[in-house]
Each structure stands twice: as C-alpha cells, then as structure tokens.
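Novice: Handing you this structure, nothing more for now.
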Amino acid sequence: MDTVCRATFPKREHLTGDKAIADLFGRGEAFIVFPLRIVYIRSEWVGVPVRVLFAAPKRYFRHAVDRNRMKRLMREAYRRQKAALSASVEGKGYTLNVAVGFIRPVRLGYEEMYAKMGKIVRILTERLSE
C-alpha cells in the first residue's frame, strides 16, 4: 500500500456488497452532522483502510439530477479530505466501513458540504483514536 494518500476515490474504496452494507447498518455506530447521518463500523482488513458509501434517498430528492448532484458533492468533499481519516486507520489491521446519507431534504452547496465532510472526518478520527 502507498504510504502517501493520494486524493483519489477509486472503485476499491467504494463500499459495495450486500453483506458488508447489511453488517454496517445492522451493527454499526452512528452520529449526525445535520443534515447527514454517518454510520461506521470496523471490519476485517480488505486491502484499503476506509471504504465509503454515499446516499441521497429518493424520499428527500425526488429528481435524479438532485440526488446525483448531492452524491457528487459528497464524493468530492470526501476525496479532498480523506487523508487524515486514512492515516488514522492505516496499519491498525482493520478496514473502516462508512455510510454517509441525508436525513432531511436540504440542498447544500460545495462550501457547506466541504465543511460538513471536514467535521465528519474529524469526528471519525477522534472516535477511532479513543
């Protein structure tokens, strides 16, 4: 694995698979950074320190263009700030699975999303260091 975290978000860092997602939502811990709900769990090592899933439910964003925009903003904000989170998990022998989803129909701009994602990364880093 690279010792330097590149600011990319490749497919292997996407959380996929029904079992992994069901385990995350079934046993994971959660917190809220309004209007986002974050669920996370430590799982066995799969080759990357952090795997992430982003969700913008149809319940809150009726138009596909709005759902896709919110997910695109979340991915970009995460991609630019993930280095601290990856560094805190690196070398600990587990993979952190994370889901980030909306709990209210609030449309955020990029600056707001970037700030919220920064707060999420800080909270996760703090919780993992405890």
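The values are calculated or read from the model by the stated rules, or taken from the named source; none is laboratory data. All of these numbers come straight from a predicted model, not from anything done at the bench. FYI the Cβ positions are ideal-geometry reconstructions off the backbone, even for glycines, and counts take in every protein chain you see. The protein model used for the area step is the full one, side chains on, heavy atoms only, and it has no ligands, DNA or RNA in it. Shrake-Rupley method; radii C 1.70, N 1.55, O 1.52, S 1.80 Å.
Novice: Yes or no: residue 30 open to solvent by 40 Å² or more (accessible area, probe 1.4 Å), aliphatic (A, V, I, L, M) and under 12 Å from residue 100 (Cα atoms)? Before you say what the answer is, go through the steps one by one.
Specialist: On the way: open to solvent by 40 Å² or more (accessible area, probe 1.4 Å): yes; aliphatic (A, V, I, L, M): yes; under 12 Å from residue 100 (Cα atoms): yes.
When the stated conditions are applied, residue 30 passes them.
Novice: Taking the condition over 15 Å from the mean Cα position of the chain (by Cα), part of a helix (DSSP H, G or I) and modelled with pLDDT of 95 or more, does residue 111 pass? Spell out how you get there, then give the answer.
Specialist: Numbers: over 15 Å from the mean Cα position of the chain (by Cα): yes; part of a helix (DSSP H, G or I): yes; modelled with pLDDT of 95 or more: yes.
Judged against the criteria, residue 111 is a match.
Novice: Please state which one of 37, 51 is among the charged types (D, E, K, R), out of contact with any Gly (no Cβ under 6 Å at 6 or more places or on another chain) and either within 10 Å of residue 97 (Cα to Cα) or crowded, with 16+ Cβ neighbours inside 10 Å (or both). Steps first, please.
Specialist: On the way: 37 fails: out of contact with any Gly (no Cβ under 6 Å at 6 or more places or on another chain).
It is 51.
Novice: When you scan region 92-103, do you find a residue that is in a helix (DSSP H, G or I) and either polar (S, T, N, Q) or open to solvent by less than 10 Å² (accessible area, probe 1.4 Å) (or both), even just one? Spell out the reasoning first.
Specialist: The first filter runs over region 92-103 and keeps only residues in a helix (DSSP H, G or I), leaving none.
Checked against the condition, which is being in a helix (DSSP H, G or I) and either polar (S, T, N, Q) or open to solvent by less than 10 Å² (accessible area, probe 1.4 Å) (or both), region 92-103 yields no hits at all.
Novice: Checking residue 65 against (1) touching a strand residue (DSSP E or B) at 6+ places or on another chain (Cβ under 9 Å); (2) farther than 22 Å from residue 7 by Cα; (3) open to solvent by 60 Å² or more (accessible area, probe 1.4 Å); (4) not aromatic (Phe, Trp, Tyr), which single condition isn't satisfied?
Specialist: Checking residue 65 against (1) touching a strand residue (DSSP E or B) at 6+ places or on another chain (Cβ under 9 Å); (2) farther than 22 Å from residue 7 by Cα; (3) open to solvent by 60 Å² or more (accessible area, probe 1.4 Å); (4) not aromatic (Phe, Trp, Tyr), the one that fails is (1).
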